[in-house]
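Take a look at the structure set out below.
Read-outs: derived from the displayed coordinates by stated rules, not from any lab. The structure presented is a predicted model; accordingly, all values stated were derived computationally and were not measured.
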Amino acid sequence: MTPAAEHAGRGARAGRGGTDEVSSHRLGRRLALAALFEAEFGQRTASAILERHLAEGAADSATSEFARALVTAVVEDRDQIDALIGRLAPQYPVVQLARMDRTLLRSGIGEVLHSGTPSRVAIAEWVELARTYSGEPARRLVNGVLGRIARDSEAGAYRAPEPGPQ
């Protein structure tokens, strides 16, 4: 079962109308992760896969928006994200990472750099997803890379582009 399908079932049971921002973002992360991971196999684009997952239900408009923003950030800035991974974790070349580990890192970096989510919240969420879907080595890698990016971002090393009109 994909991360999105697994969480969507729980979301449907919990009720769709009363989701708060935390659970909305949590489901959005899982949906984005599932779409980006599936896109690693090259059959469809991450956006097309995400739209299919969203059409299957269990996501309100806030969840859908958040998932779309994450997917867009990762897809549009993939080269820069990969370069950042290469610079911050040279012992883990991006092309040699397991697909899930690569997707977790890219997604976490996309959120830390391109969303309004506080860095420590985003890091905690992606570390938990790494532990759940990959294991302890991936959890440590995601925590280390995202923590360094957050510290460097606070020092002004990375600047996310200002969001434009949509």
- Return a whole-number percent for the relative contact order of segment 104-149, with Cα pairs under 8 Å and 6 or more residues apart as the contact set. 44
- To the nearest whole percent, what portion of all C-alpha pairs in segment 36-97 is separated by more than 19 angstrom? 41
- Query: What is the projected area of the convex hull of the Cα atoms of segment 78-157, averaged over all directions, in nm²?
  - Reply: 4.6
- Note on the structure: Given backbone amide H placed at 1.01 Å from N, residues whose amide H is under 5 Å from that of residue 134, ignoring those fewer than 5 places away on the same chain, are none
